[in-house]
Every structure is written in structure tokens, then in C-alpha cells.
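Below: the structure, in C-alpha cells.
What follows is calculated from the coordinates using simple rules that are stated; it is not laboratory data. In this text, all values refer to a predicted model and were calculated from it rather than measured experimentally. No Cβ is skipped: glycine too gets one built from the backbone with ideal geometry, and neighbour counts run over all protein chains shown.
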Amino acid sequence: MRECVVFKGSRHGLQLVIDSSVDFDVILTHLRSKLESAIDFFTEGAKIKAPATLTDRQLQDLSSLLEGFGLRFETEETLPPVVPTAQAEWEEADSGQELVVSRTIRGGQEIIYSGAVVVNGDVNPGGEVIAGGNVTINGTCRGIVHAGAYGDKNATITAKRLLAAQIRIAGLIARAPDNLALPEQAEMAYIEAGKVIIAPARLN
Amino acid sequence: MGEVIVVTSGKGGVGKTTTTANLGTGFALQGKKVVLVDADIGLRNLDVVMGLENRIVYDLVDVTEGNCRLKQALIRDKRFENLYLLPAAQTRDKNAVNPEQMKQLTAELVQEFDIVLIDCPAGIEQGFKNAIAGADRAIIVTTPEVSAVRDADRIIGLLESAGKHDPQLIVNRIRPHMVKKGDMMDIDDINEILAIKLLGIIPEDEYIVVSTNRGEPAVSNPVSLAGEAYKNIVRRLLGEEVPLMTLKEEDGFFHRLKKLFKL
């Protein structure tokens with residue numbers, strides 16, 4: 001799917017890039033869903049610059065939307081509007097898609113994927129798995145695992161033996177206790193009431 | 001056509017050079033034609049461990065730079081006819097050679113020798129990339145310490161991404177009494193993390209220090225336990241089925257007496 005709303009990072013903050021050929025209401029809906037899905041990604045108070053081609057009415061709508069998410073809004077005056085071209089097209093993986101890795105993730109190796117990740121092997125100390133969706137490890141997990149990296153608080157981490165030094169879900173980070181006992185069964189980590197909970201799970 | 005084997009570890013000081021010297025000598029004892037290549041340019045050591053330091057005229061960098069022919073740089077061992085050493089340069093650094101040159105060099109050596117054994121420098125920089133460039137297979141050396149095992153894991157990952165799969169493992173400097181007390185990682189702990197084929201375990205042996213200082217690899221000494229373990233590894237590398245040594249702590253005179261009489 002071609003993105004009609006794209007955030008581009010620059011030294012001065014985030015630049016909002018809007019496809020001018022798309023209806024403005026469509027853009028607003030897209031922007032809203034984008035912000036909702038990734039609110040953790042944007043730090044509060046981040047400066048957002050918008051293209052100068054918009055009308056005053058449109059700008060007002062935009063700024064009220066952005067401010068609702070705690071983002072500061074600035075009108076862009078100097079830069080010409082950037083229209084996403086075919087080359088700059090940005091494919092975002094479906095949340096239903098998953099990446100299956102059938103090997104051991106060793107120290108120094110990292111897997112970064114926008115959807116869910118399934119590792120058929122171990123994640124060794126120093127190895128990292130960063131996924132937009134859930135992470136399932138059919139083996140021992142001793143490295144760092146980050147599920148819901150783009151802010152999905154419903155993401156889970158499941159491992160046959162969850163011995164991770166650290167697990168991260170969305171914006172939350174949980175550290176393992178200093179004396180970690182060997183788990184006897186598969187465990188799953190998830191967020192409940194703002195805390196990372198680890199509970200027995202079933203791997204299939 | 002022979003085979004190129006690289007001995008590597010990641011962490012320094014775990015016994016790569018000792019292992020290279022002993023495996024090389026072990027292969028020579030088995031009648032193979034062997035060349036040991038010291039890829040640790042700048043910090044050469046293999047020549048000292050082999051007791052061949054005073055015979056060096058040309059080195060690996062001289063060969064790659066065309067200052068001499070390969071044959072001129074090869075040093076024949078003083079004990080074994082079919083064992084040779086290609087020393088590293090002492091005065092240069094690891095950037096004096098590139099992986100392409102190493103590939104060429106090993107390709108040339110492998111025509112002549114049954115076994116080309118490369119002693120890899122510690123670390124994961126240029127020197128490591130050089131050392132593994134021409135290797136057919138890799139032997140990872142680790143000690144039963146968390147830091148060494150971590151680095152070994154990292155090395156296995158790097159070898160994989162360089163297209164070199166199925167490395168084999170040697171666990172060096174095992175102290176049975178510490179393992180028994182639970183103060184030292186045991187083989188299962190290490191296997192759990194690295195999950196690669198175990199080639200052998202080498203017990204801690206004071207004689208290794210003696211042999212290294214004398215420039216006589218322990219493998220040629222019949223009383224050294226470590227030498228015995230290296231001998232077994234050589235046989236495994238040559239395809240023989242040799243069971244792993246059972247490392248019992250020395251539990252007193254009586255036990256040994258019982259063992260002597262097979263009670």
C-alpha cells in the first residue's frame with residue numbers, strides 16, 4: 001500500500017509529508033491511525049512540521065489532531081512540499097505477516113522486523129530480536145527481545161525457556177532478577193495494567 | 001588436495017596457539033604433511049611455541065608482498081620431516097594482508113599439504129577476517145568461562161555470516177575438581193549455549209606451560225594428559241571414533257590403586 005502520510009526525521013524535528021493527490025479527509029484518518037498505532041514512537045512535545053501547501057482550514061484540522069497526541073505543530077514555510085514518489089514508497093508489513101528464523105541468534109546478531117517473529121532456535125546472550133508484533137522463541141531465550149517495538153502494547157513474548165536478561169514490550173522494559181531459576185515450562189510475557197507479566201504458556 | 005582448518009576463539013588467551021601447535025604436531029605424528037600458518041601478524045607466537053623462532057628469515061607478509069617465494073618462507077620443524085611453519089610478520093600490522101591474499105596463499109599451500117592449520121588472532125577485526133578467508137572449516141577454542149563462551153558464540157555467528165558453517169569446538173583448560181564442585185562451567189553448560197559439535201576437551205595441565213616454554217608441543221609427550229587429549233582430537237579430525245576422555249579428579253592413592261587393578 002502506498003502511504004499517503006509519511007513522517008520524515010530531520011535535525012529540526014519531524015517533517016510531515018503528505019501526498020497532495022489524496023483527499024484531505026483520507027489523510028487525516030490515516031494520520032490518526034498512524035499516530036494511534038505508534039504513539040510511543042513519538043516523544044511527547046516533538047516538533048512536527050507540515051508542508052506549506054495546505055490551506056488554513058486544513059492546517060487547523062491538522063494541528064488540533066496532532067496536539068491531541070501531545071505533539072507540537074509548526075507550519076513549514078521554507079521547504080517545498082515533498083511528494084512521495086514511487087521510489088520512496090514505503091511498504092509496511094501486515095501485522096498478520098510473520099518472519100520465521102530457523103537458526104540460533106548468536107551474540108552480536110539482531111533480527112529486526114516490522115511484523116511478528118518466530119525463532120526456531122535459541123537467542124543467545126548478546127543477540128537481539130526486535131519485532132513490531134509478537135515474538136515466539138521455540139528454544140531458550142537469553143538475549144534481548146523487544147516485542148511491539150512500534151508501540152503495540154498487546155504484543156507478547158513467548159519462549160520455551162524464557163531466561164532473557166531483559167524483555168521489552170512496547171515502551172516497557174523488564175529486567176530479569178539477578179538469580180534466575182531455570183523455568184520448567186514455556187512462558188509468555190505480556191503487559192497487564194502497565195506491568196510486564198510473565199506467566200506459563202503453551203507453545204504450539 | 002588437502003584441507004584448510006582455522007583455529008579461532010574470539011577471546012584471547014584461551015589457547016589458540018597451543019592448540020594449533022599441538023594439533024599440527026599431532027597430525028604430523030599421524031604421518032600427515034602439515035603446515036601451520038601464523039595469521040597473528042604483529043604478535044607472532046606460534047614460532048616460539050614450536051621452538052622455531054631462530055630460524056625465521058622470511059614471513060607471511062614477505063610472501064604476500066612478493067619479497068620471497070612461498071617455499072623460502074616455510075620453516076621445517078626440527079622434529080618432524082613433514083611439519084612446516086609459515087610465520088607471521090612481527091614488525092607489521094594486521095592490515096598488511098587482505099583476505100584475498102590469504103585466500104590465494106592457502107589455495108597454494110593446500111596443493112602441497114594435507115593439512116593447512118591457521119592460527120587466528122584474537123578479536124573480530126581485520127586479522128580475523130584474513131585468517132578465516134581461505135578456511136574450509138573452523139575449530140573454535142574456548143575455556144569454561146562465561147566471557148570466553150560469549151566470544152565463541154559471537155565468532156560462530158560471524159563464521160556463519162561468512163558462509164562457514166558447522167564449526168567444531170574444543171573446550172580448553174577444564175579443571176575436573178572445580179567442575180565437580182559446580183565452580184566451573186561444565187561441558188553441558190557450554191554445549192547448551194553454543195550447540196555445535198564438540199571435538200574434545202582438554203584438561204588443565206601444568207605440563208602445557210613447560211612444553212610451551214621449551215618449544216616442544218605437549219602432544220609428543222606421553223605423560224601429558226593434555227597432550228593425550230590433543231592426540232585424541234587429531235584422531236577425531238581424521239575421522240576416527242574416539243570416545244571423550246573421562247576426566248576424573250585425582251581422588252587419592254586408593255582410588256588410583258583400585259583403577260590400576262581394574263576393581
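Structure data summary
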read-out: Cross-link table B:Lys78/B:Lys164; B:Lys71/B:Lys129; B:Lys11/B:Lys180; B:Lys33/B:Lys164; B:Lys11/B:Lys164, entries beyond 27 Å C-alpha to C-alpha; value: B:Lys78/B:Lys164
read-out: C-alpha center-to-center spacing [the range B:120-185, the range B:1-45] in angstrom; value: 14 Å
read-out: The range B:90-230: relative contact order in percent, alpha carbon pairs under 8 Å with at least 6 residues between; value: 17 percent
read-out: Point-charge dipole on Cβ atoms (K/R +1, D/E -1) for the range B:1-110, about Cα centre, debye to 20; value: 260 debye
read-out: Alpha-carbon spread of the range B:1-155, three principal axes, descending order, Å; value: 42, 34, 30
read-out: Projected-area mean, the range A:122-177, by convex hull of Cα positions, square nanometres; value: 3.2 nm²
read-out: Between 0 and 90°, nearest 10: helix B:16-29 axis offset from chain B longest Cα axis; value: 90 degrees
read-out: Between helix B:99-112 and chain B: long-axis angle, C-alpha atoms, 0 to 90°, nearest 10; value: 80 degrees
read-out: Local net charge near A:Glu184, Cβ-Cβ under 15 Å (Lys/Arg +1, Asp/Glu -1); value: +2
read-out: At R0 = 25 Å, FRET efficiency that the Cβ-Cβ distance of A:Asn154 and A:Ser102 yields, to 0.05; value: 0.45
read-out: Net length gained if the chain between B:Arg55 and B:Arg69 were fully extended (0.36 nm per residue, minus Cα distance); value: 3.4 nm
read-out: Rounded, prolate or oblate (a/c below 1.5 giving rounded, otherwise prolate when a/b exceeds b/c) for the range B:129-219 by Cα gyration tensor; value: oblate
read-out: Rg and Dmax [Cα atoms of the range B:1-41; Å; Rg one decimal, Dmax integer]; value: 11.0, 32
read-out: Lys, Arg +1 and Asp, Glu -1 on Cβ, resulting dipole of the range B:70-146 about Cα centre, debye, nearest 20; value: 180 debye
read-out: A:Ser64/B:Ile124 FRET efficiency (R0 56 Å; Cβ-Cβ; nearest 0.05); value: 0.60
read-out: Label-point separation, B:Val223 to A:Thr29 (7 Å along Cα→Cβ), nm; value: 8.8 nm
read-out: Computed label-point distance, nm, for sites B:Glu240 and B:Arg214 using a 7 Å Cα→Cβ extension; value: 2.3 nm
read-out: In degrees, nearest ten, helix B:146-161 long axis to first principal axis of chain B (Cα); value: 50 degrees
read-out: Environment charge of B:Arg92, counting only residues whose C-beta is closer than 14 Å and scoring Lys/Arg +1, Asp/Glu -1; value: -4
read-out: Gyration tensor verdict on the range B:83-123 (Cα atoms; rounded if a/c is under 1.5, prolate if a/b is larger than b/c, oblate otherwise); value: prolate
